[in-house]
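Student: First, the structure itself, so that you have it in front of you.
The values are calculated or read from the model by the stated rules, or taken from the named source; none is laboratory data. Everything quoted here is computed from the prediction, not taken from an experiment. A quick note on method: Cβ atoms are made from the backbone with ideal geometry, for glycine too, and the neighbour counts reach across all protein chains shown.
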Amino acid sequence: MPRFRLLLLVFPVLTFLFSCKNDPKPVQAPIHQPDEELTAITKLIEQNPNNDTLLYERARLYYDKEGYDEALADLNLAISIDSMQPMYYHLLSDVFLDYGRPNDSKRAIEVLKLASERWPNRISTLLKLSEFYLIVLQHGEALATIDKILKQDPQNAEAFFMTGRVALDMGDTTRALVALQKCTQFDASHGDAWLFLGKIYSSKNNPKALQCFDNVLRLDSTDLEAREYKGIYHKRRGEFDQAFQIYRDIIKRNPDYSNAYFDMGMIYLDQDSLRLARDNFDIAIKTDPLFVMAYYYRGVVGELEGNIEEAFNNYNKAAKMSPDFQEAATALERVRKLRK
């Protein structure tokens with residue numbers, strides 16, 4: 001298979017791929033299942049209906065189990081009893097944001113704005129507000145909130161970390177690098193800052209990336225994401241042996257780490273080893289049935305092999321799972337014409 005054809009198929013989604021992670025999510029039990037902790041705290045509340053602390057604790061349990069209506073009810077009652085507990089507002093904002101109904105993100109921010117007005121010097125509240133502004137892409141408001149923190153504490157590492165995150169979201173990697181470097185200067189144990197720095201350096205093909213990822217691993221040797229990004233760095237440089245060694249080490253540590261199989265599949269695809277590429281995409285999907293990119297690239301393999309039906313099925317799966325994934329939709333339309 002000519003290399004230029006392979007590149008034409010693969011190149012359009014490289015940017016999408018870099019930002020697409022498949023983090024495993026914990027399975028949460030539905031709230032209708034018997035829960036001893038919930039049952040116990042409910043009995044205590046029946047005996048002490050105006051105990052706001054108990055109501056807050058039960059709201060936290062409901063929130064953990066995605067019982068958002070129940071959590072909202074308990075938090076509203078708790079705040080009506082004692083409106084001067086900032087953590088009640090923090091949890092209330094989390095419930096709104098995760099509930100995700102129309103205007104809930106706005107409600108979440110309004111709750112945190114109220115809390116920041118009541119406790120203007122409470123840095124943890126300002127940090128949370130800045131993070132929520134980032135989530136809803138209100139970058140200016142996020143940076144303005146961070147400035148309030150830095151006026152109180154010019155060496156606040158977490159504020160510089162948030163500045164870096166906002167700058168990255170705005171596409172300003174230069175500002176992000178400066179902010180994240182300041183974060184690690186004031187807190188060398190900030191693993192997330194080192195990881196973000198490593199990702200930026202890696203995207204620039206800068207060897208400093210490896211040092212940043214190693215700093216993460218010195219702080220937490222079990223961090224598989226940092227190991228994976230070391231592999232990605234070597235893969236981008238064409239250092240496939242080093243990349244394979246890292247991915248295999250990850251799989252030894254966690255056989256269900258789907259990204260490692262996917263990354264190896266991408267290397268095999270780049271080397272035109274289509275069977276091995278498919279084998280690894282198969283395992284990535286087996287370990288994570290929602291891995292959109294693995295379906296897409298399994299479709300790429302099918303198309304390169306001339307197996308139009310396999311290509312169609314995988315592109316179709318990827319397009320249905322991610323309606324905004326334009327490359328999958330384009331590929332699906334392309335092979336749909338070939339089926340006629």
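Student: What do you reckon, is SER202 within 20 Å of GLY164 (Cα to Cα), among the hydroxyl-bearing types (Ser, Thr, Tyr) and within 20 Å of the chain's Cα centre (by Cα)?
Tutor: For SER202, the condition - within 20 Å of GLY164 (Cα to Cα), among the hydroxyl-bearing types (Ser, Thr, Tyr) and within 20 Å of the chain's Cα centre (by Cα) - is met.
Student: Just to verify a result, which residue in region 230-254, among those that are more than 21 Å from the chain's Cα centre (by Cα) and assigned to a loop (DSSP other than H, G, I, E, B), is nearest to ILE200 (Cα to Cα)?
Tutor: ARG237
Student: I've got another one for you. Could you grab me the full set of residues in region 54-82 that are farther than 23 Å from GLY100 by Cβ and free of Cβ contacts under 8 Å to residues at least 24 places away in the same chain?
Tutor: Of everything in region 54-82, those that are farther than 23 Å from GLY100 by Cβ and free of Cβ contacts under 8 Å to residues at least 24 places away in the same chain turn out to be LEU54, GLU57, SER80.
Student: Scan region 149-164 for residues that are crowded, with 20+ Cβ neighbours inside 10 Å and in a helix (DSSP H, G or I) and report the count.
Tutor: Residues in region 149-164 being crowded, with 20+ Cβ neighbours inside 10 Å and in a helix (DSSP H, G or I): 8 in total.
Student: Let me ask something additional. Could you tell me which residue of region 272-323 is nearest to TYR257 (Cα to Cα), considering only residues that are among the polar types (S, T, N, Q) and surrounded by fewer than 18 Cβ atoms within 10 Å (Cβ to Cβ)?
Tutor: SER273
Student: Search region 133-157 for residues that are touching a residue at least 24 places away in the same chain (Cβ under 8 Å) and pair each with any residue that is outside any helix (DSSP H, G or I) when their beta-carbon atoms are under 7 Å apart and the residues are at least 6 apart or on different chains.
Tutor: Note: pairs meeting the criteria are HIS139/MET170; ILE149/ASN156; GLN152/ASN121; ALA157/ASP187; ALA157/HIS190.
Student: Please pick out the residue among LYS106, LYS43 that is more than 27 Å from the chain's Cα centre (by Cα), exposed (fewer than 15 other Cβ atoms within 10 Å of the Cβ) and not hydroxyl-bearing (Ser, Thr, Tyr).
Tutor: LYS43 is the lone residue from the list that is more than 27 Å from the chain's Cα centre (by Cα), exposed (fewer than 15 other Cβ atoms within 10 Å of the Cβ) and not hydroxyl-bearing (Ser, Thr, Tyr).
Student: For the condition of a type in the set (Lys, Arg) and either at pLDDT below 95 or under 29 Å from ASP220 (Cβ atoms) (or both), what is the one hit in ARG165, ARG107?
Tutor: That would be ARG165, the only listed residue that is of a type in the set (Lys, Arg) and either at pLDDT below 95 or under 29 Å from ASP220 (Cβ atoms) (or both).
Student: With respect to the numbered conditions (1) at pLDDT below 95; (2) over 26 Å from the mean Cα position of the chain (by Cα); (3) crowded, with 17+ Cβ neighbours inside 10 Å, which one is the sole condition not fulfilled by GLU36?
Tutor: Failing condition for GLU36: (3).
Student: Take region 255-279 and flag every residue that is under 23 Å from the mean Cα position of the chain (by Cα) and either in a helix (DSSP H, G or I) or of a type in the set (A, V, I, L, M, F, W, C) (or both).
Tutor: Across region 255-279, the qualifying residues are SER258, ASN259, ALA260, TYR261, PHE262, ASP263, MET264, GLY265, MET266.
Student: For the condition acidic (Asp, Glu) and surrounded by fewer than 17 Cβ atoms within 10 Å (Cβ to Cβ), what is the one hit in GLU70, GLU66?
Tutor: Going through GLU70, GLU66 in turn, the sole match is GLU66.
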